[in-house]
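Quick notes on the structure that follows.
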Amino acid sequence: MEEKTLFDLKKGEKAVIKEFNDHELPSKLYEIGILPGTKVEIKYSGPFKDPICICYGKSETKLALRKREAKSILIQIA
């Protein structure tokens, strides 16, 4: 099975975060409540999908991620 990243999702698609490929990124995301198991949805994206805006958590918090960051977050389609 091919691994998908957050970058592979289209607007409106939902997924669950499985793990992170970038060792520096998780600490930044953990601080704001994005952990493996977190459900996310793609809300918006800029030109060439950089940046992308995700929505997560019960409060539907929005967060913009760079292309490089989105490509380092492995997901499972929800």
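The values are calculated or read from the model by the stated rules, or taken from the named source; none is laboratory data. Small disclaimer: the values here were computed from a predicted structure and weren't measured. Counting neighbours? That spans all protein chains shown, and the Cβs are built from the backbone with ideal geometry, glycine included.
Couple of notes before you dig in:
- The condition of being of a type in the set (Lys, Arg) and either part of a strand (DSSP E or B) or closer than 11 Å to residue 70 by Cβ (or both) holds for only one of 18, 28, that being 18.
- Selection count where residues are out of contact with any Lys or Arg (no Cβ under 7 Å at 6 or more places or on another chain) and either closer than 14 Å to residue 34 by Cβ or of a type in the set (Gly, Ala, Ser) (or both), scope the stretch 49-71: 11
- Residue 48 meets the conditions (1) assigned to a helix (DSSP H, G or I); (2) in contact with a strand residue (DSSP E or B) (Cβ under 6 Å, 6 or more places away or on another chain); (3) over 16 Å from residue 20 (Cβ atoms) in every case but one. The failed one is (2).
Residue by residue, here is whether (1) under 9 Å from the mean Cα position of the chain (by Cα); (2) surrounded by 12 or more Cβ atoms within 10 Å (Cβ to Cβ); (3) not in a strand (DSSP E or B) holds:
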{"position": "7", "(1), (2), (3)": "yes, yes, yes"}
{"position": "10", "(1), (2), (3)": "no, no, yes"}
{"position": "41", "(1), (2), (3)": "yes, yes, no"}
{"position": "55", "(1), (2), (3)": "yes, yes, no"}
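- Unmet criterion (only one of (1) in contact with an Asp or Glu (Cβ under 6 Å, 6 or more places away or on another chain); (2) more than 11 Å from residue 17 (Cβ to Cβ)) for residue 74: (2)
- The residue that is nearest to residue 26 (Cα to Cα), counting only those in the stretch 40-65 that are at pLDDT 95 or above and basic (Lys, Arg), is 62.
- Considering residues of the stretch 34-67 that are among the basic types (Lys, Arg) and in contact (Cβ under 8 Å) with a residue 24 or more places away in the chain only, the residue farthest from residue 10 (Cα to Cα): 39
- Selection within the stretch 29-39 - surrounded by 12 or more Cβ atoms within 10 Å (Cβ to Cβ), at pLDDT below 95 and not aliphatic (A, V, I, L, M): 30, 33
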